[in-house]
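*Asks:* First, the structure itself, so that you have it in front of you.
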Amino acid sequence: MSRKAFLSQRVVTPDGIKPAAVLVEDGRILDVVPPGQLPAQISVQDFGDAAILPGLVDSHVHINEPGRTEWEGFRTATRAAAAGGYTLLVDMPLNCLPPTTTVAALEAKRKAASGQCHVDWMAWGGVVSDNQEHIESLGATGVPGFKCFLIHPGIDGFTMVNEQELRTALPHVERTGLPLLVHAELPGPVDAATRQLAQADWSKYATYLQSRPDEAELSAIRLMLSLCREYHFRLHIVHLATSQALDLLRAAKSEGLPASVETCPHYLHFSSDKIPDGQSLFKCAPPIRSRENREKLWQGLREGVIDLVATDHSPCPPEMKRLSERTFRTAWGGIAGLSLALAVMWTEASARGFTLTHVARWMAEGPARLAGGETRKGRIAKGFDADFVVFEPEAEFIATEDHLHYRHRVSPYLGEKLRGVVKATYLRGDCIFSDGKFPGEPGGREFRR
């Protein structure tokens, strides 16, 4: 393959944003040089003032294949990812059939993904009540880490784990050296709150919010930090929604515990006071909390207590959202947001004085590190894969169904005015999305750490 160069006045590198040329050969970044040092006889694509960011990495996606492709699937999820500037997705183990809790299930997933993917992918393994003997073999076969639930995940077939089951599993997790990703809510506070709300009006968002109190997250995080102290495994808290946990997490990091934390675009964009009653598209777990809580999550990102932002893209067939019934009680909890996440984050981040360097750290470098891809993915630097996104930070648009690209085009973001447009996405130097189109055949593959 011949060498080529991608030129921009704003290339987002680990050393800051600068005019540069990204030199690419055989799908890898050969070098990043000042525009005046372009080699002679090289094919140049000049993006002018549009920014070039590293391809985004989403370490929290529910692709649901094999087994529930009527919800999503590799083809549609990776198409939406490419449109959103993502070049690597890490799939969660629970909504597929079989769930990714054994090596055989991982192999079934590999078979299902073959030839379908517009971007690269990986798959987390699961830790459930009875698969302790599979944990180390999953690690050896290529999962980048494991996911568990401390509360019922809303779906049968992927069991939650209690403290005793965790204690049986953790020595196996620790031996792999891989992270354990935890849905940190304990059932006790949720069950108690829900019992008190038996006669409440479940068309009201306030009722749902009361049913998932902050204490559910806090007690779960306290438990996991104490187990982390005891077993010395790598702990990652997924989709932090309560800012009340930030002090706990800050102290844990100061103590040197190997703990990391993510939050999601929907917790950083929406707030409970703006969610209309009956609008179950906004239901997710943990729930979207108050405006004051949202601002404290932003402060957590500013201070580095929160390490990264992942989408928790959790799609389902529209009827599962119970929109006609207008009830939060039985609606599926999950927000689909892959193709709009970068614009949502930039809209909010730019309004608070953050730069594209911050966004690249939260949405590319941080998730790549979590998934064990930090030497190849998530940065525009020599030796890395030539994955990047061409982004127009000043452009604005209203989110419509045409922007979504995943299987079921429903989203709480529809109608929102957002800032920042993904113009093109490149995977290993090849264009996989440009101005609403997906050129070429799907060339994504499994990324092995």
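The values are calculated or read from the model by the stated rules, or taken from the named source; none is laboratory data. Quick caveat, the model's predicted, so the values are computed rather than measured. A quick note on method: Cβ atoms are made from the backbone with ideal geometry, for glycine too, and the neighbour counts reach across all protein chains shown. Quick note on the areas: whole protein, heavy atoms, side chains included, nothing else; ligands and nucleic acids left out. Shrake-Rupley method; radii C 1.70, N 1.55, O 1.52, S 1.80 Å.
*Asks:* Collect the residues in segment 225-253 that are within 22 Å of residue 295 (Cα to Cα), open to solvent by less than 30 Å² (accessible area, probe 1.4 Å), assigned to a helix (DSSP H, G or I) and among the aliphatic types (A, V, I, L, M), keeping them in residue-number order.
*Replies:* Those that are within 22 Å of residue 295 (Cα to Cα), open to solvent by less than 30 Å² (accessible area, probe 1.4 Å), assigned to a helix (DSSP H, G or I) and among the aliphatic types (A, V, I, L, M): 245, 246, 249, 252.
*Asks:* So, one more: Return the pairs, sorted by first residue and then second, in which the second residue is open to solvent by 70 Å² or more (accessible area, probe 1.4 Å) and in a helix (DSSP H, G or I), the first residue lies in segment 287-306 and is without any contact (Cβ under 8 Å) to a residue 40 or more places away in the chain and of a type in the set (Gly, Ala, Ser), the beta carbons are less than 8 Å apart, and the residues are 6+ apart or on different chains.
*Replies:* Hits for this filter: 290/273.
*Asks:* Which pairs have Cβ atoms under 9 Å, sit 6 or more apart or on different chains, and link a residue in segment 421-443 that is under 19 Å from residue 116 (Cβ atoms) and surrounded by 17 or more Cβ atoms within 10 Å (Cβ to Cβ) to one that is modelled with pLDDT of 95 or more and among the acidic types (Asp, Glu)?
*Replies:* Listed by first residue and then by second, the contacts come to 425/387; 427/120; 427/385; 427/387; 428/26; 428/120; 428/385; 428/387.
*Asks:* Does segment 402-411 contain at least one residue that is part of a strand (DSSP E or B), closer than 22 Å to residue 72 by Cβ and open to solvent by 20 Å² or more (accessible area, probe 1.4 Å)? It would help to see each step written out before you state the result.
*Replies:* We begin by selecting, within segment 402-411, every residue part of a strand (DSSP E or B); these are none.
No - not one qualifying residue is present in segment 402-411.
*Asks:* Within segment 72-79, is even one residue more than 17 Å from the chain's Cα centre (by Cα), modelled with pLDDT of 95 or more and on the phi < 0 side of the Ramachandran plot?
*Replies:* Within segment 72-79, one or more residues are more than 17 Å from the chain's Cα centre (by Cα), modelled with pLDDT of 95 or more and on the phi < 0 side of the Ramachandran plot.
*Asks:* May I pose another question? Can you tell me which of 222, 195 is within 30 Å of residue 367 (Cβ to Cβ), open to solvent by 60 Å² or more (accessible area, probe 1.4 Å) and part of a helix (DSSP H, G or I)?
*Replies:* Only one candidate passes the filter, namely 222.
*Asks:* To continue, here is another question. For residues that are closer than 25 Å to residue 119 by Cα and assigned to a loop (DSSP other than H, G, I, E, B), scanning just segment 24-34, find the one that is least open to solvent (accessible area, probe 1.4 Å).
*Replies:* So, considering only residues that are closer than 25 Å to residue 119 by Cα and assigned to a loop (DSSP other than H, G, I, E, B), the one least open to solvent (accessible area, probe 1.4 Å) is 27.
*Asks:* Just name the residue that is nearest to residue 63 (Cα to Cα) out of those in segment 412-429 that are small (Gly, Ala, Ser) and assigned to a strand (DSSP E or B). Outline the logic, then answer.
*Replies:* Taking segment 412-429 and keeping what is small (Gly, Ala, Ser), we get 415, 420, 424, 429.
Restricting the remaining residues to those that are assigned to a strand (DSSP E or B) gives 420, 424.
Details: 420: 25, 424: 22 Å.
So the residue we want is 424.
*Asks:* Right, here's the next one. Looking at segment 286-387, what helices (runs of 4 or more DSSP H) fall wholly within it and have at least 1 residues that are surrounded by fewer than 16 Cβ atoms within 10 Å (Cβ to Cβ) and hydrophobic (A, V, I, L, M, F, W, C)?
*Replies:* 341-351
*Asks:* Further, regarding this structure: Those residues that are in a loop (DSSP other than H, G, I, E, B), in contact (Cβ under 8 Å) with a residue 60 or more places away in the chain and either touching a helix residue (DSSP H, G or I) at 6+ places or on another chain (Cβ under 6 Å) or surrounded by fewer than 20 Cβ atoms within 10 Å (Cβ to Cβ) (or both), I need them from segment 157-183; list them, please.
*Replies:* 157, 178
*Asks:* Go through segment 268-284 and give me each residue that's free of Cβ contacts under 8 Å to residues at least 60 places away in the same chain and in contact with a strand residue (DSSP E or B) (Cβ under 9 Å, 6 or more places away or on another chain).
*Replies:* Matches in segment 268-284: 284 only.
*Asks:* Pull up segment 254-285, narrow it to residues that are surrounded by fewer than 17 Cβ atoms within 10 Å (Cβ to Cβ) and among the charged types (D, E, K, R), then point me to the one that is farthest from residue 354 (Cα to Cα).
*Replies:* Step by step, filter segment 254-285, then rank; the result is 277.
*Asks:* Ok, one more. So for segment 246-268 (the condition being of a type in the set (D, E, K, R) and closer than 30 Å to residue 324 by Cβ), does at least one residue qualify?
*Replies:* No, there is no match, as no residue in segment 246-268 is of a type in the set (D, E, K, R) and closer than 30 Å to residue 324 by Cβ.
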